[in-house]
Each structure stands twice: as C-alpha cells, then as structure tokens.
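What follows is a single structure, written as structure tokens, with notes after it.
Quick note: the coordinates plus some simple rules give every number you see, no bench work behind them. Because the structure is a prediction, the values reported are computed rather than measured. No Cβ is skipped: glycine too gets one built from the backbone with ideal geometry, and neighbour counts run over all protein chains shown.
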Amino acid sequence: MLSYLMRRWFGLVITVLCMTVITFFLTQMIPGDPARAAAGPEASAETIATIREEMGLDKPVVVQYGMYMARLFRGDLGRSIATRRPVFDDIRKKLPASIELAVFSALFWLPLGLVLGVLCAVQAGSWIDLVSRAFSILGVSLPVFWVALLIQLLLGKALPIAGRIDIALSYQFELRTGIYLFDTLTQGSLPSFLSVLSHLVMPALTLTIASTARLGRMVRSCVLEVLRAEYITTARSKGLSERTVLFKHALRNALIPIITIIGLQLADLIAWVFLVETVFAWPGIGRYGVTAIFNLDHPAIIGTVLTISCIYVGANFIVDLLYMAANPQVRYT
Amino acid sequence: MVGLVMLGIAIATAASSPFVVPYPPNESNTQEAYVPPSRTHFLGTDVLGRDVLSRVLAGTPIALRVVGEVLLIAGLIGMFLGTFAGYLGGVVDSLIMRCADVFLSFPNFLLAMAIAAAFGASLENAMLAVGISLWPRYARLVRGQFLELREKSFVEAARAIGASNTRIAVHHILSNCIGPLLVQLSLDAALAILTTSALSFVGLGASPPTPEWGVMISDSRIYITTYWWMPLFPGIAISFVATGFMLIGDGLQDALSPTLRQRHYEAS
Amino acid sequence: MKIRVFWLTLVLLGCVGLVAIAEPTGTLRVAQDTDAVTADPHVNIYVYSTLLQRGPYETLVRVDETGGTTPMLAESWEVSEDSLEYTFHLRSDVAFSDGSPFDAEAVRYNFDRDMGLALDGARYLPPGLTVVVVDDLTIKFVLADPFAPFLSTLDTVHMISPTAARSHEVDGDWGRSWLDVNPVGTGPYLLDRWEKDEFYVLSYNPNYWKGWDGKHPETIVVRIIPEQSTRLQLLLNGEVDVAFKIVDDAFLKTLESNPAFKAEPQKSGEVLYLRMKSRGAFEDKRVREAMLYILPYSSFWADVVRGRGATVQGFISPAIFGYDETLPEGHQDLSRARALLLEAGYSSGLSIELWTLSSFLPIVKPLSELFKEEAAKVGVNVEIVDIASVATFLGGVSNTDVNEGPDMWSWTQSPGINSPWGAPLGMWYSENTPPGRNGEFYSNGAYDALYVEAGRTADPVARAAMYSEMQRILLGDPPAVPVGTWKMYLCMTQSVNGIALGSAGSIIDWYSVSLDGE
C-alpha cells in the first residue's frame, strides 16, 4: 500500500516536471517579442536589446529552461512584465479569490447535484426526473460564458456586477487569508462581509448552474446503474425497506464512482472559473492568466499554468486517495 | 431519439444554409443596422446590418466542421497512440501512457488556451488545440481494450488460424472498441463545440467576419442589455447543437451494456 | 455689550464654518478602462497614465478646455521678441510632498531627467532645448528655433521631487524603479494605494499649496474595468460616479435620457486612421490613394456609429489648431479606386493584412469588416486579424523593420498638445521611424521640408497655412486613411462637476473636480 503511494507520488513529480517542460516550450512559441512587450512601445532598439539580455532571452531555449527551473526550485517564479511584481506575489493575491469563488459555489452545487442525481435516479421515469433531466442537459449544453452574460443581464440591476467588494469597504478589514468571507467574518466587519457576499452571488450562481447540472446527470446515471445491480435485487428480495436498500447499499456503492466523477468535474470547473472571472471582472487567477497570455507576459503565463495544473494534479491525487479508501479492491493494483 | 433528430436538423441546416439563408450572411447593410427582431429580420440585425438569422444559420456548417475536426484530431491521435501502446506494450506503452498522464494533468481548457495562444489565434488553431487536449482519453480507451482483449480466446483462435498480427489488431480488437469509442466521441462532441466557442469568446479563436457562434457572442457581448438579440441567438444555437450531441451520447450509453460504463469511468 | 457678543458669535460661527468647509469630504469613484502604465510621468504619459499622475504631479502651466494656457506652478512668464527665450516666474509657496522646496533648480533637474530618459514624457519637447536657472524662482528656456506650441508642450512635463529621485537612484536609472510606483510631486492628491489592474486610490494632500476651500473629494478611487458595459452598469447602479470611455450609442442614449446622469461632450482631438506600411504594393502612392476611396464613410458614421462621430476634412481633428475646413473629407468612390489600382497595375487584385485592436476601441471591428467587404468590390482582398494583445499589436505596427507586422492597421491618435505638429503630423516626418511613431516608414520630401519649417515658425497664420499645405500633400500621397473622429463623452452622475478632458484626452485637473455632498 505504501509502496503504491510512493510510486504514485514519484509518478506525480515526474508528471509535474514534464508539465513544466511543455508549458515552458509552449510559452516560447507564443508569437511576439516579450522583451519588446516589457520595454514598452516607445523603447529604443538599445533598450530592448538590454532588456532582452537581462531577461536571458538571447540564450538558447534549453538554457533558459534550465535557468527557469533553477529559479523555480528556489521558489522564484520570476517577475511579471505587466504588473512589475514577482509572479509569486501576484498569484498569492489572486489565487484566494478564485478559491473563494470555487469553494463558495461548491457549497451549493455539491449537495444540490448529489441530491438531484439521487432523486432522479430513485424516481426514474417520473416527471421530476424528466424535468430535472431537461434542466441538466440545458445546464451543461449552454455555454458558460453565455449563461454568465444572461445572469448579468437579469440580475444586474439588483446586484453588483463586477469585482469582489465595494472598494471603500475593503479598508475596513485586514487581509489575512485572502478569503474575504473568512477575513471579514473573523474580524467582525459586517458591512464588508455583506458586500463580499453580494458580489459573490452572480458568479457563484453561474458556476452553480453549470456544475449542478453536470454533477446531477452523472450522479443519476451512476446511482441508476448501482440500483440495477444484482445485490440490490437481493437486498430487496430479502425484504429490506426501500430506504435501507437505498442508503445502506446503493449509495455506499455509488460513492466510489461518484468520487471519480467529482474528480473529473474539476477540469471543467477550472475552465468555467476562467470564463466567469472574465465576464464578472473577478480578480482571480483565471483572469490573471488570460491577461498574461495577451500581454505576452511569459513569467506570469508559466506561473499561472503551473499553479493551476499543480492544484489540479493535487486535487486528483486526493480524489485517488479517497477512491482507494472507499474501494478496497483497488489497493493492491 | 430526440438527439438524433436534433443532429439531423443541424446537419440539414448546415447543408442547406447557403441556399436557405434569407440574406447573405457576410454582406453588410448599414442602413438596417441594430434592427430588433421583426418581420423582415426574424432575429434582428447586427452592428453592420447583417441579418442575425442568416449568420446563425451560416454558422451551422462551421460548428459541425469544428466538431468533426476536433474529434478527428483527438480520435486519430488517440487511436494511433493507443494502438501502439496496447499492441507493443513494454517501454512504448509506459512512455505513451506517461505522455497521456501529463496531458491529462493539465485541465483541458487551460491546455487548449495555451496551445491556441502558442500557435496564434485562429479557428483552425483553436480546433487543433482542443483536439490535442482531448487525445489522451481515446488513447487510454483503445489501449485498455487492447490489454483486455489481448488475452481473450478469440485472439488465440485467430492466431491459430494464421491471421497476421496486424489483422488481429485492426479487425478484432479495434472493432470491439467501436462501442465505447462512439460514446466518448459523442460526449466529447458537445465539449468540442463548447470549448472552441469559449476560445473564440476569449479571443483565441475565429476572426471576423466568420459567422462562428462564439465570435458572434464575443462581438456583441456589450450589447446584452441593449441589443440583446445579437448575443442571444448564437448562444441558443450552440446550446442546440451541444444538446443534440449530448442526447445522442446519452442514448448510446444507455443502449450499450452497463459494464461499458464502468470501464469508461476507469479509462478516463 | 450685546453687539459685541453678537459680532463675536458671528466671527466664531464664521470660523467654525470655515473650518467645516476647509476639509475635503467624500469619495469620488471612477471607472477607467486601462490601468496607468507607470506613476513616473517622464516615462509614460498616455492618457490613462496621466489620470493617475495628475493627482500627485503638476506642470508649470496647464492647457485648459479652451486650449488656452493657464499658470500652474509658474505664476507668469515672458517670451522674448525672437520667440527663442521663455522666462518663467515660479510660485514661492510650493513644496513637494516630501517637504523639499520647489524651485528653479528642481525645474532644471526635471528637464534634465525628462530629456535624459528620452522616453514618452519627452516626446513633445523641441530639439535643442536648454534650461537655465536665473535665480531661485526664475527659470529660462532657450530654444534653438522658434517653436510655437512650446507653452502647451510644457503641459506635458510634470515636476518630480529631485530629492526623492536622487535618494532612490539605482545604477543611474534616475530613480525610475522607485518612482514607478511612488510618486512624489506638488499635486493635490497623493497616491495612497495601487493594486495593478484593479484600482488605485488618490487621497488629498493636506499641504497642497492651493488649500482646500470648496467642495473637493477627500479620496478618489479609480477602478480598472476593461468592459464598457460593466462600466456603464456600475454607473447606473450607483457604484461609481464617473465612467470613462463610454462610446456606444445605446449606452449614451441610456444616460442621456436619465435625468440622474449626464454625458458631457469633450473636445477631443482624437482621429481614427487606417495606416499603411510603405512596402510591397503600398510603395506605390496610387495604391494608397485608392484606399482613401473604399470606405463608405458617411454610412459608417451615421448608421454603424449612430452619429457619435463624423468624418474629418483633411487629416486632423476639428478640435485642434490647424484644422482646415476647405480640405476634402473622406468619401467613397469605388470607380476612382478601381481606376487608380488599374493605373498602378493591380487590376487583377491585391492582398493585404489588416490588424485591429478591438479591445481598445470596439468600433474598429465593424469598421474593418466593412472595409473588407467594400475592398473586395475593387479586387482587394483584406485579411482581418484582430489582435487581443496590446504588446503584440505594438510590436507589429511599430516594428523597426518595415517588413515585419501587418500591411495595414487601425490606429487612434490624439495630439498630445494643442497642436497637430507633434501628432498626427509629426508621425509622418520621415525621421520619426520606429522607435518613433512613423510606423509606416512614410517619406515625402516636400512634407518633411514643410514640417521642419512649421516647427520653426512662430506666426500662427503662417503655421496654419503650412499645416493645410501639409495635409494636401498627405491627401495626394497618403500614409493612412483618415476615417474620422468621434465625439468623446465623459459620463457621470449629476453630483459631479468640474471634471474635463483636454484635447489630448488627459484629465485637465483633479483639483477642479467637486462632488456635491449627500
């Protein structure tokens, strides 16, 4: 068991290393001259040449990669061309915004999706099932950025449509974790808390719609499949109540693939966070990454991609662990 | 199934759109700009006076082409590499699977964005990017099939009667993949159109005046509160096509054996 | 006795009242589309940078809405007979926010720094300028040749504290790395906080030399919101008081019909061009001239932009000096375009690549599509590439190699000063090739000669005539297609007053802004 974990961990490290290679070389391929971008539009040829030298862009790509990795091990992600600050600092500031949005909406779509899926599976064929399925299909097939725009249109008069908080109120508390809801609550500044909450509503609503729909669909098919299994029929024939059948047997077994499903959903969630941040001007890492790509901000691009990918890899690893914990059969593979 | 009907509608629209459009989709008519939905323009006109209905219809062949190309790229690369991995096994297998892991470790939208940015923003590159971000699933699938069926009896039997290795590979094993492959393809079809239009929305996809739905939404994004018909209808179109594919995928999944789904989960 | 009490009470009340009014109150909230590039006004003075910089920094003189020059840090000035010497008398009651005094030495340091750095902040200064300290409060500028727009050029050089710059100097960088985010000047508002690409906060400088009588805001919060519709919504929701760059007709109508808001037209010198690199087919001036007749100008401005803009007669905006109404405006004439192309030998067709930066101005997207459509009718195939990145865009259009980048690109140009000499006319001076503004690598001898001459001429009538002549040359040998100019509006709630943009697009003065209290 331990050796399996060790092997997995080692595999993960190699994967992350490979990811840095791919990211680095992809970034190099982006058309445009980062030295020029850094120097500014009016810079002279000499200034650009100097900056190119400072940034090490005149060296062969492999050497640049080496330099980048060396700095990475020291925890130095380079300096953003656009903000002129260390990328690490930028990400440290922006990441909590995205995490807050993701986790806040997860508080809604996780239970909603699960309940919806189970309900539909149990009531398969009924009108509840059909209506929910229709909603789910729509929720998944409507482009997220479009849903975001619609929500902006419908709720825009009543709720704030951009940013995380009313700027004036952001002075009322100290940034400790970067998760505004947490910080404002623990420091007792209620107006700030309410402001953050009101700013969260629309982007979180967008994410919730998409995620609930997707999760609901998958959970439904999962639970249905489990309900069709033989041991369920056995349990029923033993005379156990429907509720016992459901909770004791079906759901416990459905838990395993459901964990996998949630893991799979993460990739989509990341995409959706990117799009939602763009539409609602949410100052998270998604928006930072998109801006970085358009600014040819190589250090920021690489930093963002690596951070998000590492989180994704880490999350998947945790999902795998949960899966293993739930499913004894897998442990000895 | 409803899905097939929807797809059928989409294909029919795509095929007939050059003939059926009420107005030339790329021809501007500035006198009629900003017209809301009316008798002469069912879905209104856009900033340059182009008929929205015509542009949405004209976008259908583009959308279907997007789905086709993305799936082709992902499927071909995936099947190719999956076959190699499953068939040759050993080092080649580990290498290819390690590659697949790395690609899977990137959230696929992020990867698609990075690739599209690296190659330069255009519809072709966006399709390429999305296709590349999707190949690992197919590779895994095909390879999984190989590993399973390799040992099965009919392979032994086929070998016994002297069938060459290639024949075994292509004929027997791949033909067994068709089922799960189709399911994956149809599920990814919706993903293909959604991701590509998302790339266009962000600015990494098609460029004007292509009547691609994602670009149309992006262009008219600021008009959501004023000239709402401009971003609304392309969005409905995307949703329509995506729903169609999804329903087909669902249907296929339901139709094929349940154990297929279990394998599908593990393969992803 | 009673009368004394009465007067005493009155005086006391008056004092209380004065104290009450003398403190600025309230927060002015602004939504802007792009963040300032830097807080250092010698490095970059794009309009979104000066919005920040004009809080902490001031100039010797200021050009107001009418285009006239008003005293700021300089109280008065004299110009010599030959227009080669400008002597300024500085205010004696001004200090920098770090306490160091403002004097002639400081002015001299600033010009040394500005010209030493030779970046965007120095672009409007005439060549051969020397700065002489006469005494503590008198400074003299000596020009090599008469330069009529000199006074408005002084509006572009902001005064930084030499003490601050010197004490943070690193490797001869003139203190740039520190001043990039830490402005130290004489101005009314200090930079309190700056979250790049999110917002910055300016708070009032209690020691500001003009004092704080009147209804000034205590703090100014500028939020960076790239999306126009979001800026509008923030304004309508009451989350901001001023929204910059609202250009869409429907949005403007919403504001105009709402009595709680106002959309004030500004005198804008900005013109939209389609610029062409002198290479390939564009080396032949007839081909470039053909491009002038392709766009359906009037229907573009009337139908697509809904009247929020118009064509220009000639090459420059009606808001700046030198505009000549007798010059022709842009009009479509496809047969003439065809004839020119035929003459130049391109009747069989021509392919060009057009770059647009629609993130900066959304209207260029439909403009480019319209241009493409009409150009196709005369056999010109236009490939539109919409670039999302400002960096990539500038790298292509201002590349030092003329063969790099697109054939044609959309560009908006504001004059920077109240004269077309710097821009746009200066853009096409052949010696201004990149890193200067002549991205087209345009070269016309007669034009160059006139340009240099106009720079040296003091008499406004003669200068205006030269500008007209230069524009006529441009119309015959065009480096760009002057599409037109649009009406620039500043949108705000009714309680905001005194905020205005100059013809260059920069805010004139934060101090003049007032916010009616609750």
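Numbers at a glance
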{"read-out": "Using distinct alpha-carbon pairs, which all enter the 1/r mean, Kirkwood radius of region C:37-144 in Å", "value": "14.8"}
{"read-out": "Unsatisfied cross-links (Cα-Cα over 22 Å) in the set C:LYS377/C:LYS487; C:LYS196/C:LYS245; C:LYS285/C:LYS487; A:LYS157/C:LYS253; A:LYS157/C:LYS365", "value": "C:LYS377/C:LYS487; C:LYS285/C:LYS487; A:LYS157/C:LYS365"}
{"read-out": "Partner aspartates and glutamates for C:LYS215 [C-alpha distance under 16 Å; skip if fewer than 8 residues away on the same chain]", "value": "C:GLU23, C:ASP241, C:ASP509, C:ASP516, C:GLU518"}
{"read-out": "Relative exposure of C:ASP241, A:ASP76, judged by other C-beta atoms within 10 Å (fewest first)", "value": "A:ASP76, C:ASP241"}
{"read-out": "Cα coordinate range in chain A, projected on the principal axes (Å, largest first)", "value": "85, 55, 38"}
{"read-out": "Span-like helix ranges in chain A, DSSP H, alpha carbon extent 30 angstrom or more, Kyte mean at least 1.0", "value": "A:2-29, A:87-122, A:190-228, A:252-279, A:298-326"}
{"read-out": "Shielding by partners, peptide B:224-230 (average Cβ within 10 angstrom, other chains)", "value": "5"}
{"read-out": "Cα centre as origin, Lys/Arg/Asp/Glu Cβ charges: the protein assembly as shown dipole, Debye", "value": "5240"}
{"read-out": "Taking A:GLU46, C:GLU353 and counting other C-beta atoms within 10 Å, the order from fewest to most", "value": "A:GLU46, C:GLU353"}
{"read-out": "Cα gyration tensor of region A:91-203 - equivalent ellipsoid semi-axes, whole Å, descending", "value": "33, 17, 12"}
{"read-out": "Rg/Rh ratio calculated on Cα atoms of region C:113-227 (Kirkwood radius)", "value": "1.01"}
{"read-out": "For the protein assembly as shown, the Rg and Dmax computed from alpha carbons only, in angstrom", "value": "32.7, 132"}
{"read-out": "10 Å Cβ neighbours from other chains, averaged over peptide A:146-159", "value": "5"}
{"read-out": "Other protein chain Cβ atoms within 10 Å, averaged over every residue that makes up A:15-28", "value": "3"}
{"read-out": "12 Å cut-off, amide nitrogen to a point 7 angstrom out along C:GLU256 Cα→Cβ, residues in region B:193-237", "value": "none"}
{"read-out": "Ranking of A:LEU149, C:LEU501, A:LEU190 by count of other Cβ atoms within 10 Å, fewest first", "value": "A:LEU190, C:LEU501, A:LEU149"}
{"read-out": "Hull volume in cubic angstrom per residue (convex hull over the Cα atoms of chain C)", "value": "168"}
{"read-out": "Prolate/oblate/rounded call for region C:363-511, Cα gyration tensor, a/c under 1.5 rounded", "value": "oblate"}
{"read-out": "In region A:132-234, trypsin sites (Lys or Arg not before Pro) in a DSSP loop with at most 16 other beta-carbon atoms within 10 Å", "value": "A:LYS157, A:ARG176"}
